[in-house]
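K.L.:
Handing you this structure, nothing more for now.
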Amino acid sequence: MMPVLGYWFGIAWLDAILRLAVIAGVMTVVVIFLTYAERKVIARVQQRLGPTRTGPAGLLQGVADALKLVLKEDLRPTTADRWVFELAPFMVFVPVFLTFVAVPFTRDLGVRFLSLGLFYIVAVSSLNIVGFIMAGWGSDNKYALLGGVRAAAQMISYEVPLVLTVLGVAMVASSLDIRVITERQDVVPYIVWQPLAFVVFIIAGLAEMNRTPFDIPVAESEVVGGPTVEYSGIRWSFFQLAEYSSLFVLSALGADLFLGGYIWPFGSNPPGWLQLILILVKTSFMILMIFWVRATFPRLRIDQLMSYCWKVLIPVTVAQLFFNGLVLVYRWPDILLLVFSGALLVGATAATAVAVRRAARRPRDAQAVRDRRLQYARGA
Amino acid sequence: MVADFDTIDININVGPQHPSTHGVFRMVLTVDGELVRDLDAVVGYLHRGAEKLLENQDYRQGIGIQDRTEYLAQFPAEQSYVMAAEKLGGFVVPERAEYVRVICVELNRIASHFMFMGAYGTDVGVFGTSFIYGFRERERVYRFFEELTGERMMYSYFRVGGLAWEVMDGFEEKARALLQELKRGINDINGLLTRNEIFIARTRHVGEISAERAIEYGLSGPVLRSTGVRWDVRKDEPYSVYDRFDFDVPVGEFGDCYDRYMVRLEEMRQAVRIVEQALDQMPKSGPIMPEKMPRMLRLPAGEVYVPVESARGEYGVYLVSRGGNHPWRCRVKSPCFTNLQALREMTVGEYVADSVVILGSIDLVLSEVDR
């Protein structure tokens, strides 16, 4: 196993450079094969074959795509704001790579183990909003602008439930160190104690990554790729890299926080190779779920996205935090965590479904609604 | 409280090259943030002068142009044209030919609606799955048509007076087998979209139009029926042999995008019913053309308008003849062009994302709008 504690070769600056190189290399390979996996999985859902021609079973398709992107011309619109436009891709993908630093894959495999790792990840991952706004503004394109503004609104809103859910887990584990949180799950993974947090974590994570059903900022059928519409070649591939890296990091984080990471269900200290297999299986499970969602769900609209966040996700996650606090402070039995969280989950799901269906059955004065909206937009 | 600072509306040009304008349609949206304040629809990018071409082609050649005018529901377009010529010339179409025509038209309606389902799902944001489902089923129908007519899309199978040639061997069994597959396909789409909460939230009460306004605009087809007006050319002015079939005309309640989808879904089921009845009632043998057809068709002077219920609404051909072997004027009344008028009223005040869904719900075929 890699020596990860302490400095490699005992030299701090060499150690930093080596670790960065490892991150960049691993992430690129992971992303290349994630795009391949996504194409294959979605193809299967749609009764297609997906890539089959490039390499055995199309395995080299991602490599071919990456090569093509590198070789393509890097276009910049003449009216674009030069530096904002050119720096935006880095602003999007650097924060994602930074989050990679703090994610433990096994007990000994990881880049850095921070005692405030969870806090660090939450703090750093929200930085790439700036990149999307820069891309949207700098492109001097109305679609890009619309997409950038949408991205900002969406990612800032969904930051809140995402933080609240990981906070719930941190409360139960009473630690912000991801390794400690994972190792507290040797008997029961936290998905059992905090089912609501798990579901909301995935939903908010989808929104953070701009993936279906929350791909509103990049909606192909509306704003044609949103902030990325003017990008090409290598710069565009940075956006792609960021999207799939964050998919991987978020899935690994979800596996660590909710599914018992590299520990559960094999006791408190399984051998190293088993830890690696466990985390890979759980991460793949998360990733496959997200692919599946992408293949089947339509896209929400921006106002529905917002009201879902502020009217459903945030209230229930806050309520869960409150109940967690009660249970932990008064030392009630752990099963109450499950009861509260599960009840909130079922309640919120049922309430949402009923609300949508009831609104669908009830007639609405369409003209009045539109007039009201327009009036509001006019600022009257 | 609304902040008191100046905002400006911006114009967004959607199309003619945009993934969800279903061809080369262009709309200029005036948006205030995410709200559509105004919409300007620009058509004409696909104008090929089909009506003028029809004036220079004889009646047999004109059938092929009809295919190209309405490339997703070709048979209704052909049917309208040949029926107009038959009415003018006073030909009586043999019964067997009429049944084959009805079967072709209804299967074509199903294929066209599958295309709609696929494109509509993509407009609402399903990543290709509904598209592939729709195309898979449409391709089954097209394969059947290819066997029947020798062409995958541009059939030119109907003739003034009847059909170009006898149907292939095993027509009935193949059609029945096809229907079984299509029923499964309809259920697939139904299972994917109909009860999905996000789909409901995205389409319900979006792009509503009242029955009165719909009639004032002269809308037709599923867009009209979704408002609750039970008007269908096949029922209200029965042509061909449609009066012999038992089928329902589905209508919606609110006239919104969801109702338009549901009306089309139900229409597909009704079309399956019609084809089944037609296969049962069809004479097993008999002529497919009138006995005495001139080799070169010359129609007497006169004018005639024949509407049919196409997949998108009332498709009509207005034919003016001054004698001779080609029409003096042929005007195509296209349902999409008429339905497109209501786009502005449906869209203004909705969100930008909805404009795409509303446009999709009209089920646009640009070649038919622009001709």
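K.L.:
Could you go through segment A:116-129 in sequence order and give the Karplus-derived ³J(HN,Hα) for each residue, using 6.51 cos²θ - 1.76 cosθ + 1.60 with θ = phi - 60°, rounded to whole Hz, and x for Gly and Pro?
P.N.:
10, x, 5, 4, 4, 4, 4, 5, 6, 5, 7, 5, 6, 4
K.L.:
Once the mean 1/r over all distinct Cα pairs of segment B:57-186 is inverted, what Kirkwood radius in angstroms do you read off?
P.N.:
So the Kirkwood estimate lands at 15.4 Å.
K.L.:
Right, something else. Taking the Cβ of each residue in B:R371, A:R358 as the centre, tally the other Cβ atoms inside 10 Å and list the residues starting with the fewest.
P.N.:
Fewest to most other Cβ atoms nearby, the residues stand as A:R358, B:R371.
K.L.:
Let me ask another. What are the ³J(HN,Hα) values, in whole Hz, obtained from phi via the Karplus relation 6.51 cos²θ - 1.76 cosθ + 1.60 with θ = phi - 60°, for each residue of segment A:349-361 in sequence order, with x given for Gly and Pro?
P.N.:
4, 4, 5, 5, 4, 5, 4, 4, 5, 5, 4, 6, 7
K.L.:
What ³J(HN,Hα) values, in whole Hz, does the Karplus curve 6.51 cos²θ - 1.76 cosθ + 1.60 give for segment A:157-166 when θ = phi - 60°, with x put for Gly and Pro?
P.N.:
Result, ordered by residue: 5, 7, 4, 5, x, 4, 5, 4, 5, 5 Hz.
K.L.:
Which order results if A:M91, B:M268 are arranged by neighbouring Cβ count within 10 Å, fewest first?
P.N.:
With the sparsest Cβ surroundings first, the list reads A:M91, B:M268.
K.L.:
Using Cα pairs under 8 angstrom and six or more residues apart, how large is the relative contact order of chain B, in percent?
P.N.:
Reported relative contact order: 26 percent.
K.L.:
A further question follows. Taking the Cα centre of the protein assembly as shown as the origin and placing charges on Cβ (Lys, Arg +1; Asp, Glu -1), which of A:Q46, B:V233, A:L300 is farthest toward the positive end of the dipole?
P.N.:
About the Cα centre, the residue reaching furthest to the positive side is A:Q46.
K.L.:
Now a separate question. Grab the alpha carbons of the protein assembly as shown, take their convex hull, and tell me the volume per residue in Å³.
P.N.:
192 Å³
K.L.:
Give me the net charge for the shell around B:F91: Cβ to Cβ below 13 angstrom, other residues only, Lys and Arg +1, Asp and Glu -1.
P.N.:
Summing Lys/Arg as +1 and Asp/Glu as -1 gives +1.
K.L.:
In percent, how large is the relative contact order of segment B:19-115, given Cα pairs closer than 8 Å and 6 or more residues apart?
P.N.:
Reported relative contact order: 18 percent.
K.L.:
Another question, if that's okay. Peptide A:168-174: average number of partner chain Cβ atoms within 10 Å per residue?
P.N.:
Per residue, the average neighbour count from other chains is 0.
K.L.:
Checking the cross-link filter: which aspartates and glutamates have an alpha carbon closer than 12 Å to that of A:K282, excluding same-chain neighbours under 8 positions apart?
P.N.:
A:D256
K.L.:
Over the Cα atoms of chain B, Rg to Rh with Kirkwood Rh, two decimal places?
P.N.:
0.99
K.L.:
Could you list A:K40, B:K284, A:K68 in order of exposure, starting from the residue whose Cβ has the fewest other Cβ atoms within 10 Å?
P.N.:
In order of increasing Cβ crowding within 10 Å: B:K284, A:K68, A:K40.
K.L.:
Right, something else. What is the ratio of the Cα radius of gyration of chain A to 2.2 N^0.38 Å, where N is its residue count, to two decimals?
P.N.:
Compared with the compact-globule rule of thumb, chain A sits at 1.04.
K.L.:
Take the residue pairs B:K87/B:K284; B:K174/B:K284; B:K87/B:K235; A:K40/A:K68; B:K52/B:K333 and return only those whose Cα atoms are more than 21 Å apart.
P.N.:
Result: B:K87/B:K284 exceed 21 Å.
K.L.:
I would also like to ask the following. Taking 7 Å along the Cα-to-C-beta vector as the label spot, tell me the B:I10-B:D58 distance in nanometres, rounded to one decimal.
P.N.:
5.9 nm
Taken together, the values in this text are just the output of simple stated rules run on the coordinates, not laboratory data. On a predicted model such as this, the values are computed, not experimentally measured, just so you know. Neighbour counts are summed over all protein chains in view; Cβ atoms, including those assigned to glycine, are modelled from backbone coordinates with ideal geometry.
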